[in-house]
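Structure record follows, encoded as structure tokens.
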Amino acid sequence: MVLEATVLIIDNSEWSRNGDYTPSRFQAQIDSVHYLFSIKTNDNPENTVGVIANAGETPEVLVSLTADLGVLLKGMHGLGVRSESHFDIGIQIAQLVLKHRANKYQKQRIIAFTASPIDTDEKALVKLGKKLKKNGVSIDVVNFGEHAANETKLAAFIEAANNNDTSHLVTIPPGPHVLSEQIRASPIVGVGGSGGAGGGEFDFGVDADMDPELALALRMSLQEEEERQRRGAAAQPIGEPVGQPRAGDDGDAVMEDLDEDEQIRRAIQMSLMESEQDGSPAGDAMANDDLVASLIGSLPGVDPNDPALQSALGSDSTKNNTDNSKNKDKSDDK
């Protein structure tokens, strides 16, 4: 989970009235802002999000950095379409907002939407990108609407601002798709800054919007397990295949890698070994049969009369009887 402060920049210029995106360029951005806010705040309870409207006489800070959805809705209420967009000025204001964040441990990120032609020349954008990189600010740009006209400038801008693949340019052409769904499938979500799945249903089958606390707990558990596996891989001797039993280990295969019949057989064998170690008579076939029957009866979804299972148990029983006979003969000879 990335601890992060994010400023979302909306392009609410006259160009955003166009209806080539569902339902319009402007409304598609509003829906995406709600989606990104949900992702960021669900990913980490200490994440904060701010919103800037980029059009008008000058860009306006609608919502200061917050994790409160009510503050976001209140700040964006009544936002409308206005004259021309100021792409570069909006980014500079967003950088100032991030500079004055309360938690200095938060990483800084800007996500800017551009639905209109960018008037700023490429050289000035490259300079701005280098400034963002110097100040440790990552930026993602959602290029849609006039995407063809802005592609070259924005590519140079992102290249200048990018630091270890933390900044991204996502170009989304018009179509029947929903803008927020395209963002969800982009590097902006899960790779660039969210640190994992955000709103909606993710890999655990849990709706993070409906139960964010459970989703957060599951995500933390997954990250702890991944960290444990990394530590285990690092401790593995060089040249020894990862996951293979080391010298001195019992050599048991991972149960999850075996089929159901093999798992049952191995479980029965282990139980018999434990029974012998506890002092149970090794040659007491009746006790072993009772133990096997109780084990099979306690396994969910297992048919004790399954021919394949009976065959496997029969082979193990024959082997155990042979081994016991050999042990008895040796003791008689002594």
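Brief remarks on what is shown
- For the pair Asp165 and Arg82, a Förster radius of 30 Å applied to the C-beta separation gives a FRET efficiency near 0.30, rounded to the nearest 0.05.
- Three-way shape call for region 104-148 based on the alpha-carbon gyration tensor, with the a/c threshold at 1.5: oblate
- For region 76-137, the Cβ-based charge dipole about the Cα centre amounts to some 600 debye (Lys, Arg positive; Asp, Glu negative; other atoms uncharged).
- Cα shape, region 68-136, gyration tensor, a/c 1.5 rule: oblate
- For region 45-60, 3J(HN,Hα) per residue [Karplus equation, 6.51 cos²θ - 1.76 cosθ + 1.60, θ = phi - 60°, Hz, x = Gly/Pro]: x, 9, 5, 10, 9, x, 9, 10, 8, 8, 9, x, 5, 8, x, 10
- Between the amide H of Ile110 and those of Val7, Ser138, Ile139, Asp140, distances stay under 5 Å, these residues lying 5 or more places away or on another chain, with hydrogens modeled in the peptide plane.
- The label-point distance for Lys127 and Ala308, in a model that sets each label 7 Å from Cα toward Cβ, rounds to 7.3 nm.
- Computed in the context of the full set of protein chains, the accessible area of region 52-112 at 1.4 Å probe radius has 55% of its extent on carbon or sulfur.
- Shape class of region 1-62 from the Cα gyration tensor (axes a ≥ b ≥ c, square roots of the eigenvalues): oblate, since a/c reaches 1.5 or more and a/b does not exceed b/c.
- Gain on full extension, evaluated as 0.36 nm per residue between Leu222 and Glu151 minus their Cα-Cα distance, stands at 21.8 nm.
- DSSP-assigned coil residues among chymotrypsin sites (Phe, Trp or Tyr not before Pro) in region 1-81, each with at most 14 further Cβ atoms within 10 Å: none
- Positive-end residue, region 1-110 charge dipole about Cα centroid, Cβ charges, pick of Ala53, Ala67, Phe26: Ala67
- For region 58-190, the per residue solvent-accessible surface stands at 49 Å², with DNA, RNA and ligands left out and a 1.4 Å probe.
- In this structure, the pairs whose alpha-carbon distance is over 30 Å, taken from Lys40/Lys127; Lys40/Lys131; Lys40/Lys133; Lys107/Lys127; Lys74/Lys107; Lys74/Lys134, are Lys74/Lys134.
The values are calculated or read from the model by the stated rules, or taken from the named source; none is laboratory data. Since the model is a prediction, treat every value here as computed from it, not as a measurement. So basically every Cβ, Gly included, is an ideal-geometry build from the backbone, and we count neighbours across all protein chains shown. To get the accessible areas, we keep the full protein, side chains included, count just its heavy atoms, and leave off ligands, DNA and RNA. Shrake-Rupley method; radii C 1.70, N 1.55, O 1.52, S 1.80 Å.
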